[in-house]
1. When you look at residue 131, is it polar (S, T, N, Q), touching a Phe, Trp or Tyr at 6+ places or on another chain (Cβ under 9 Å) and in the same structural domain as residue 84 (by TED's automatic domain parsing), yes or no?
2. Filter segment 30-67 down to residues that are among the polar types (S, T, N, Q) and farther than 22 Å from residue 123 by Cα and give me whichever is surrounded by the most Cβ atoms within 10 Å (Cβ to Cβ).
3. Might you let me know whether segment 59-70 holds any residue that is assigned to a loop (DSSP other than H, G, I, E, B), at positive phi and touching a helix residue (DSSP H, G or I) at 6+ places or on another chain (Cβ under 9 Å)?
4. Checking residue 159 against (1) farther than 18 Å from residue 99 by Cβ; (2) of a type in the set (D, E, K, R); (3) assigned by TED's automatic domain parsing to the domain that holds residue 100, which single condition isn't satisfied?
5. Restrict the check to segment 165-176 and report whether at least one residue is of a type in the set (D, E, K, R) and free of Cβ contacts under 8 Å to residues at least 12 places away in the same chain.
6. Run residue 77 past the list (1) in a strand (DSSP E or B); (2) crowded, with 16+ Cβ neighbours inside 10 Å; (3) modelled with pLDDT under 90; (4) of a type in the set (A, V, I, L, M, F, W, C) and report the number of the one that doesn't hold.
7. Which condition from (1) in contact with a strand residue (DSSP E or B) (Cβ under 6 Å, 6 or more places away or on another chain); (2) surrounded by 13 or more Cβ atoms within 10 Å (Cβ to Cβ); (3) farther than 19 Å from residue 87 by Cβ; (4) modelled with pLDDT under 90 is the one that residue 198 breaks?
8. Filter segment 172-190 down to residues that are of a type in the set (Gly, Ala, Ser), modelled with pLDDT of 85 or more and farther than 14 Å from residue 98 by Cα, then give me how many there are.
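The values are calculated or read from the model by the stated rules, or taken from the named source; none is laboratory data. All figures in this text were calculated on a predicted structure; none of them were measured in a lab. Here the Cβ positions follow ideal geometry from the backbone for every residue, glycine too, while neighbour counts run over all protein chains shown.
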Amino acid sequence: MASRPWEVGRNILHQPSEFPLRQVPLPITAKTVVERDSLFRGLPKATLERIAALAVRRIYGEGAVIFMRGDPGDSLCGVVSGRVRISASRPGGKEVFLNIIGPGESFGEIALLDGMARTASATAMTRTELTIIKRDQFLPLLRTEPQLAAHLIQLLCARVRWTAQLSEDSALLSVPARLAKRLLSLAGLQGAAIANGTRLVISQEELAQFLGVSRQIVNQHLQAWKAKGWVGSGRGNITLADIRSLEVLAHQP
């Protein structure tokens, strides 16, 4: 199978000029990228090859908008490297972060299936490489690959459960419990083990936007936990030093 040329993501006004998009060769094949995606993991070799033949790989610079809420839902995206922030805007324009998608994860599946507008916005948090599969090519493949359909159903169910849990947490948990739970969740997905705990690359402002509260409230709780030795903080990062104490707090109403 002939290799596909590289494509570059949209360089729009949300893209900082100091991080221009550029073509960069990657040493891995499209098939390898597809195999690493949790949505496609475990599928037969022939199916993976068919999916890889449809995939276009794109590079987005830090801060580049991949798609906006309301855009046509014409593709499925998979993260090869980097991080993607999924967000929505409240009335008045305030942005609320919904999720962070890392390598080996897919996003954009809802609009892909129903063909309607995107339900949220996606932005590259760092230099990010994606695989893009267009809807008009993916749906015919889905009709002939029942195992792929089963994998996609599992992903959708996981998204529904995750959304329901967020709603439940927002209604039933205190802000400190929600903050602790979010930190633990992010640490499990993207934390890096260091000598004194688990480090997350995230700012207090980003945490505040996840929870829908002010940065001052997040800072207040982090400073209290820092005094207890539960967390440490630096510029743009937070270290979880006492996981057990945070887990106990995360389950308190």
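1. Values: polar (S, T, N, Q): yes; touching a Phe, Trp or Tyr at 6+ places or on another chain (Cβ under 9 Å): no; in the same structural domain as residue 84 (by TED's automatic domain parsing): yes.
In short, no.
2. Taking segment 30-67 first, the residues among the polar types (S, T, N, Q) are 32, 38, 47.
Those still in the list that are farther than 22 Å from residue 123 by Cα too: 32, 47.
On the way: 32: 13, 47: 18.
Restricting to residues being among the polar types (S, T, N, Q) and farther than 22 Å from residue 123 by Cα, the top hit is 47.
3. In the first step, residues of segment 59-70 are kept if they are assigned to a loop (DSSP other than H, G, I, E, B); the result is 61-64, 68-70.
This time we only want the ones that are at positive phi, so: 63, 70.
Okay, now just the ones that are also touching a helix residue (DSSP H, G or I) at 6+ places or on another chain (Cβ under 9 Å), so none.
No; the residues of segment 59-70 include none that is assigned to a loop (DSSP other than H, G, I, E, B), at positive phi and touching a helix residue (DSSP H, G or I) at 6+ places or on another chain (Cβ under 9 Å).
4. Unmet condition: (1).
5. Quick first cut of segment 165-176, residues of a type in the set (D, E, K, R) only: 168-169.
Among the residues that remain, those that are also free of Cβ contacts under 8 Å to residues at least 12 places away in the same chain are: 168.
Yes, because at least one residue in segment 165-176 is of a type in the set (D, E, K, R) and free of Cβ contacts under 8 Å to residues at least 12 places away in the same chain.
6. The failed condition is (3).
7. Every listed condition holds for residue 198 apart from (4).
8. Our first condition is that a residue be of a type in the set (Gly, Ala, Ser); within segment 172-190, this holds for 174, 177, 180, 185, 187-188.
Filter again for modelled with pLDDT of 85 or more, leaving 174, 177, 180, 185, 187.
Applying the additional criterion that residues be farther than 14 Å from residue 98 by Cα yields 174, 177, 180, 187.
So the count comes out to 4.
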